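Encoded as structure tokens, the structure appears first; notes follow it.
The values are calculated or read from the model by the stated rules, or taken from the named source; none is laboratory data. This one's a predicted model, so the numbers in the text were calculated from it and none came from an experiment. So basically every Cβ, Gly included, is an ideal-geometry build from the backbone, and we count neighbours across all protein chains shown.
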Amino acid sequence: MSLTPQSGIMNIALYEGGKSSIAGRSDVLKLSSNENPLGPPPSAKAAILLAVSEVYRYPSTDHAELRDAIGKAYGLEPEQIICGVGSDEVLQFVCQAFAGEGDEIIHTEHGFSMYPILAHMAGATPVNVAETERVVSVDNILAAVTDATRIVMLANPANPTGTMLPEGELERLARNLPESVILVIDGAYTEYAEGYSGGAELARTMPNVLMTRTFSKVYGLGGLRIGWGYGARGMIDVMTRIRQPFNLSTIQLAAAKAAVEDQDWVPACTALNAAQRARLTGALRQLGVACDESFANFVLARFSDEAEASAVDLALQGEGILVRRVTGYGFPEGLRMTVGDEEQTGRLIAALTKWREGQA
């Protein structure tokens, strides 16, 4: 018997996460996955421990308490929020619900690598649109829209570049898309961009805009996989119909609720990130390494060519430091470096300086 997978599935390249170990070393500094060096707030850790005693019970199917907590923290309507296993699952919901064979999903050339994967999962065709100097181009996206376009997927701030589309340009994109095209604003790094709401007002006022967020970054809960989306009631209702009723566990729900209610944690994390991001960016430029201003919790360092990037990667591993190669994102010359705490950033800068001095 011959088994034939659904159209598009065999076009999916397997996702590769950041490395987390180096053979023979116990002092590895992992700066390859954009994790919060402070981890989750103590309140979330306490909630996890308390929830352990309740794991024999089925979790809530409507996520009402978590949605209420998110709504209070961000000034949003809870009934227009949907929760998922990381924001990735929310992105999967919108693709599965609103696109299929014969449809197109637009993403940009250096966008998050899950976007074309999600398009193929839905049987749709991913359409790759050029950026301008590593920044999303609204004009290029609008020019790529056809009658077959169903979704535009956009990370802002972007991964792996760290660049950001100004809110005025984001609104121009939303206002000029056909009403039949959904604009997905993937805001995994929103909290790190000072004064930016992640597109919340567009998602509140426009029926074809979806904003997604995650607990994996600033809230330090990457290992639990929790995310959410916010959009028009009609859109959320459709997506909820394909959501597994028990997609989030008791522990996930308890941890996320405690984290989002602990709003003192966010400014502490973002202040640390802003200071160390500026420090790392300045050091890279002093060492003659190109990098754009980042609005996220990482910096994309661009070396002279792929060979130099490979050499630096190996040199850093020799110092016990892991960063992320981003060849698959269109940057063979690039290394994406997570912003750590003061000590971690100092260790990274010292290793980069040692490498540069070795080139003299």
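Filter the range 147-166 down to residues that are assigned to a loop (DSSP other than H, G, I, E, B), over 16 Å from SER87 (Cα atoms) and of a type outside the set (D, E, K, R) and give me whichever is farthest from the chain's Cα centre (by Cα). Taking the candidates together, the pick is ALA148. The set of residues in the range 300-323 being part of a helix (DSSP H, G or I) and touching a residue at least 60 places away in the same chain (Cβ under 8 Å) consists of GLN317 alone. Going residue by residue through the range 175-191, is there one that turns out to be acidic (Asp, Glu), touching a residue at least 60 places away in the same chain (Cβ under 8 Å) and surrounded by 19 or more Cβ atoms within 10 Å (Cβ to Cβ)? Yes, some residue in the range 175-191 is acidic (Asp, Glu), touching a residue at least 60 places away in the same chain (Cβ under 8 Å) and surrounded by 19 or more Cβ atoms within 10 Å (Cβ to Cβ). Counting only strands (runs of 3 or more DSSP E) that sit completely within the range 167-281, those holding 3 or more residues that are of a type in the set (Gly, Ala, Ser) correspond to 227-231. Contact map, the range 54-71: residues that are more than 13 Å from GLY84 (Cβ to Cβ) paired with residues that are among the charged types (D, E, K, R) and outside any loop (DSSP other than H, G, I, E, B), Cβ distance under 9 Å, separation 6+ or inter-chain. Pairs shown: GLU65/LYS257; ASP68/LYS257; ALA69/LYS257; ALA69/GLU261; GLY71/GLU79. Give the residues of the range 195-215 that are surrounded by fewer than 24 Cβ atoms within 10 Å (Cβ to Cβ) and touching a strand residue (DSSP E or B) at 6+ places or on another chain (Cβ under 7 Å), sorted by residue number. Result: ALA200, LEU202, ASN208.
This table checks each residue for (1) within 19 Å of ILE22 (Cα to Cα); (2) modelled with pLDDT of 95 or more; (3) in contact with a strand residue (DSSP E or B) (Cβ under 9 Å, 6 or more places away or on another chain).
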site	(1), (2), (3)
SER310	yes, yes, yes
LEU316	yes, yes, yes
GLU319	yes, yes, yes
VAL323	yes, yes, yes
TYR329	no, no, yes
GLY334	no, yes, yes
VAL339	no, yes, yes
GLU342	no, yes, no
THR353	no, yes, no
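Examine the range 46-54 for a residue that is modelled with pLDDT of 80 or more, among the acidic types (Asp, Glu) and surrounded by fewer than 20 Cβ atoms within 10 Å (Cβ to Cβ), and state whether such a residue exists.
Checked against the condition, which is being modelled with pLDDT of 80 or more, among the acidic types (Asp, Glu) and surrounded by fewer than 20 Cβ atoms within 10 Å (Cβ to Cβ), the range 46-54 yields at least one hit.
When LEU272, LEU314, LEU335, LEU287 are screened for being buried (at least 19 other Cβ atoms within 10 Å of the Cβ) and over 16 Å from LYS217 (Cα atoms), only LEU335 passes. Scanning the range 324-359 for residues that are in a helix (DSSP H, G or I) and aromatic (Phe, Trp, Tyr) returns TYR329, TRP355.
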